[in-house]
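*Asks:* Take a look at the following structure, please.
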Amino acid sequence: MPTEAGKKIYECIKAVCRMHASASKLLKDFDKYATYPSISVFQNTATKDRTNAASASYWMPEGVFRYLSCKDNPRLVEAITVCFLDNELEEPVLLLGQLEYTKDPLQTRGVCDGWDLWYMYFPVRTGWIHGAADKCVVPEDRALRIQSATLISVPLYSIERAEDISTLLKKVRANMPAVPGNVE
Amino acid sequence: MLVAEIHGKYVLEARTFEDYLTSAVFGHLRYIKPGSFWDALFDIAVSQPIELTVITANERIRKETGCSLGSFGALNALFWPEHKEGIPDLILHFYGNQPRSVVILIEAKLYAAKSSTGEHDQLAKYLRILNSLQDLRPPLPSDALALAVYLTATDSRSEIIESLNQYGDCDQARQRLFHLQWQDVIRAIDMTMPASELDAQILGDVRRFLHKRNLEYFSGMESASAIPFVLEIDGEFLKDELLFDVDSIPTDLDIIDERWMHAN
C-alpha cells in the first residue's frame, strides 16, 4: 500500500539524484575551461569523508570537488566545488576558485585537500556576495599549505550552461595576484 | 549489454570498464553505414591548434580525399587490431566509391589517463601505427588516409600535447591526431537525420545508453517546475504515525530544560 509520505520523499530523492547527475557533468566540463594544460589532482575522485557506517545521520555527500593543477606552474590550482549541504546554506552553491599552494600538490601528498575551497567559503564571511570574486582569508590550519586563494560563489541552480564556468573563472583570475601559469 | 543497461540491468564493476563501453557503443554504431552520423561525429573531432587555428577530422578528410565520410560505400570496424606498436581499441575503415579509403584509429578512455607516457607514450605509438597500416592484423591499405582520435570523458588536450611532443610535434602530426569526448557522440546523434528506421533504432539505443551513463554535456540545472515542491510543513508526515500510545505516557513528568543538549 503506497503512502503519501513515501511517495513525496521518493520524488525528492529522485530530484537529488538528478542534481548529482548535473553536478557530475559540470565537474567533467570544468576541465574544458580551467587552466590549460593541467592535471587532475585527485584523478576521478569527486568526494570523500562520506560515512559507510550503519550508524549515521545521513549518507549523502555534503559536496563534490575537482582540482586541476596547472602544468606550467603546478602550485597553481583551479578548483570547482559544489556544496550540497551545510547549515549555513539556503540552497546548493557552486564555488570556483584559484589557489596557490606552497608546494606542488602532485609531488607532495597532503598539500591539496579536496575541501580547501569549501573551507575558504565556510563559515560564510559577513557581506559575502554571490557572483563577485574575492580574495580569501586562508584559515590558520591551512595557511601552511595555501599561499593565497580567490573564489567566487553562485547558487548552483543559477548556472544555465557550461560556458558560465568560463565567465566566472575569468572573474576569479582577474582577482588573483600575478602568478606564473595564470592565464588571465 | 547496451540494451540491458538501458533497462537498468548492469554489473557495477563493468560500468567503469572502458573496453565494455567501447564495445557497447561502437559495437552498435558499426551498423550505421557511412552517412550523416559519421560526418557529424568527425565534424566535432578537433585537432590541436595549427598556426593558431584548429581543424576538424572531417575537414582534413575532405581536404585530402575530396569527399566526406558519408560518400564512402562501406564501413568496417576492427576491434582491438594488433600491431607491433600496440593494440588500439578500434579502427574504423571507410572504403568503397572513392579511390582512397580512410582509416580512423580510436583510442578510448573513460576516466583513466593514457596507459603509458614518456618514451612509450601510448598515443605517440598509435601515431606511428598510422604510418604502417599494412602491418596491422588484419592489414589495411597503406595508401589510406589515416587519422587517430583520442576519445575521453573529460578534456584531453593536455594529454594530447604531451603525446605530440613525444612523437615530434609538427603540423603533420597535429593534422592526424584529434580529440573527441564521449559526450560528443550524443551531440552527433542529435544532429543526425537517420537514414532508415533501423538506423534510428540503433542511434536511439546508443543515445539512451550514454544518457544512462551520464555521458552528456552539462545543459543547465533542472527547472524549478520539475523539482517536487515540498513545504516544510510536509515534514509533518513524519509525525503522522504515533510511536507511542499517548494515553499510556505518564502525565506527572517534569518539563526538562533542553539546554542540557548544549552544555559542555
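*Asks:* Taking chain B as the reference, fit the longest principal axis to its C-alpha atoms, fit the long axis of helix B:157-167 to the helix C-alpha atoms, and give the angle between the two in degrees, 0 to 90, nearest 10.
*Replies:* 30 degrees
*Asks:* Further question on the same structure: Over chain B, what is the relative contact order in whole percent, taking alpha-carbon pairs under 8 Å and six or more residues apart?
*Replies:* Here the relative contact order equals 19 percent.
*Asks:* Let me ask something else. For Cα pairs less than 8 Å apart in space and 6+ apart in sequence, what is the mean separation divided by the residue count of region B:73-146, i.e. the relative contact order in percent?
*Replies:* Over region B:73-146, the number comes to 30 percent.
*Asks:* Taking 8 Å as the Cα distance limit and 6 or more residues as the minimum spacing, I'd like the relative contact order of chain A as a percentage.
*Replies:* Relative contact order for chain A comes out at 20 percent.
*Asks:* Which shape class applies to chain B: rounded if a/c is under 1.5, otherwise prolate when a/b exceeds b/c and oblate if not, where a ≥ b ≥ c are the square roots of the Cα gyration tensor eigenvalues?
*Replies:* prolate
*Asks:* Which value in nm describes the separation of the simple spin-label points at A:LEU85 and B:TYR217, placed 7 Å from the Cα toward the beta carbon?
*Replies:* 3.3 nm
*Asks:* If you project the alpha carbons of region A:52-184 onto their three principal axes, what span does each projection cover, largest first, in Å?
*Replies:* 45, 33, 28
*Asks:* Got a sec? Which residues in region B:25-69 would a label at B:HIS7 touch, if it sits 7 Å along Cα→Cβ and we count backbone N under 20 Å?
*Replies:* It comes to B:25, B:27-29, nothing else.
*Asks:* Hey, another quick one. In nm, to one decimal, how far is the B:GLN172 label point from the B:ASP190 one, both placed 7 Å along Cα→Cβ?
*Replies:* 3.9 nm
*Asks:* Give me A:VAL138, B:VAL54, A:VAL172, A:VAL82 ranked fewest to most by other Cβ atoms within 10 Å of their Cβ, as a rough exposure proxy.
*Replies:* B:VAL54, A:VAL138, A:VAL172, A:VAL82
*Asks:* Based on the Cβ-Cβ distance from A:ALA132 to B:ALA112, what FRET efficiency comes out when R0 is 35 Å, to the nearest 0.05?
*Replies:* The pair A:ALA132/B:ALA112 has a calculated efficiency of 0.40.
*Asks:* Among B:TRP80, A:TRP59, A:TRP118, B:TRP182, rank each residue by its count of other Cβ atoms within 10 Å, from fewest to most, as a rough exposure measure.
*Replies:* By the 10 Å Cβ count, ascending: A:TRP59, B:TRP80, A:TRP118, B:TRP182.
*Asks:* In the neighborhood of B:MET191, defined by Cβ-to-Cβ distances under 13 Å, what is the net charge if each Lys or Arg adds +1 and each Asp or Glu adds -1?
*Replies:* Neighbourhood net charge equals -2.
*Asks:* With 10 angstrom as the radius, rank B:SER225, B:SER115 by how many other C-beta atoms surround their C-beta, starting from the fewest.
*Replies:* Fewest-to-most Cβ neighbours within 10 Å comes out as B:SER225, B:SER115.
*Asks:* In addition: Angle between the Cα long axis of helix A:4-33 and the longest principal axis of chain A, 0 to 90 degrees, nearest 10?
*Replies:* 20 degrees
*Asks:* Another one. Might you report the magnitude of the Cβ-based charge dipole of region B:133-180 about its Cα centre, with Lys and Arg at +1 and Asp and Glu at -1, to the nearest 20 debye?
*Replies:* I would put it at about 120 debye.
*Asks:* OK, next. Modelled label-to-label distance, B:LEU198 and A:ASP104, 7 Å Cα→beta-carbon offset: nm?
*Replies:* It works out to 5.5 nm between the two label points.
*Asks:* Determine, from the Cβ-Cβ distance of A:MET1 and A:GLU163 and an R0 of 56 Å, the FRET efficiency 1/(1 + (r/R0)^6), rounded to the nearest 0.05.
*Replies:* 0.70
Read-outs throughout are calculated quantities, based only on the coordinates presented, and are distinct from any laboratory measurement. Just so you know, these numbers come straight off a predicted model, no measurement behind them. Using ideal geometry, Cβ is built from the backbone for each residue, glycine included, and neighbour counts are taken over all protein chains shown.
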